[in-house]
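One structure below.
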Amino acid sequence: MEIIRDMFTERDQNCILNMQVEEGLDRDVVYWSKENTCVYSVKSAYNLLQVMKGYVVPGDDESIWRKLWKIKAPPKALNMVWRALSNNLPTIVQLRGKQVQVNQICPICQEYDETILHSIISCKFASSCRTIVFAGYRMGEHNSFANWFNTVLSSGSQTTKEEIGSVCWLIWRARNKFVWNRKATSVNRVVQLKAAQVMSTSALLQPGYVGDGAVIWVKPQRDTIKVTVDAAVFEDREEVAIGLVARDYTGDLVHAHTRVFKVRSRVQMRSPSGQVIESCRRILRRRNNIVLHFINRSTNNVAHQLARVAYLYPDRNFDRESIPIEVMNCIVGDCYN
Ligand SMILES: [Zn+2]
């Protein structure tokens, strides 16, 4: 009691003296709070040290990982951010940490050590890219990449949150191009690439999109025929096959066709790619009621299946009665997805 009165202010003395002490506990116990079992482990101590240095470790802050995987960005961009957050992005300082003897000055600005934070965030090149892409959003000062990334995810606008993964990846890609190929990328080029990537990502993530980049097959409009084409290569048979499927607005098969070419046949092909493309152009010029789109494999399942089995039915025409059953199953599947 004397000690408490000597050492603490009146407010703290009252707090301490009002604390309920559990009866029956006769001595204090030392325990390790970083494990559920309260028993010390090297892994949890390592994770604690990483957190103290400002890095994020798996299991420490689950919410950042959940937020990361929700970002709408290409998987390669999310993978790069994940490596940066886990302190595993191979910057020069990281390589030095693994006993690789290299000069650790940033190869781009030649001014500071190339840490993960520096190469993606604070290097002049990186910060110019971000300033243009996220004009008006102040990033502030941060002591680690994880700290910075967490702040962006909690306080950035919806657009900033959605695009931040792609921007980090483009900055890292520009850095790699410079280090490995000695090719410099301009800030404007990064900004252009970012715009293109955001467009293609949103097209990929939008289910049922009917034009370029569609990811699921959708029925064409009434009075329109949709034709899908795919090719398959049969290496062991030295053959290339093409499957072509025409379907109406109900999703029903109108016509299907296969064509098989011998890759190393001595017979000269009458339609090498250049001529095929030129005749397509001629047809398109003559008719203005045909529209061409690039679509994803997931949208093109029927033509893909037909091309895969084309070697069994080379150079054939099909209707609803004669179409191979595995292809018919895909046609029905498309109508119910
Ligand atoms: Zn730099």
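The values are calculated or read from the model by the stated rules, or taken from the named source; none is laboratory data. The model shown is predicted, which means the values in this text are computed figures rather than measured ones. Using ideal geometry, Cβ is built from the backbone for each residue, glycine included, and neighbour counts are taken over all protein chains shown.
For the condition modelled with pLDDT of 90 or more and closer than 14 Å to GLY165 by Cα, what is the one hit in ALA84, ALA77? Explain how you work it out, then say what you get.
Working: ALA77 fails: modelled with pLDDT of 90 or more.
On inspection, the qualifying residue turns out to be ALA84.
Give me the pairs, please: first residue somewhere in segment 115-130 and outside any helix (DSSP H, G or I), second residue anywhere and within 7 Å of the ligand (Cβ to nearest atom) and aromatic (Phe, Trp, Tyr), beta-carbon distance under 8 Å, and either six or more positions apart or on two chains.
Close Cβ pairs satisfying both conditions: CYS123/TYR112.
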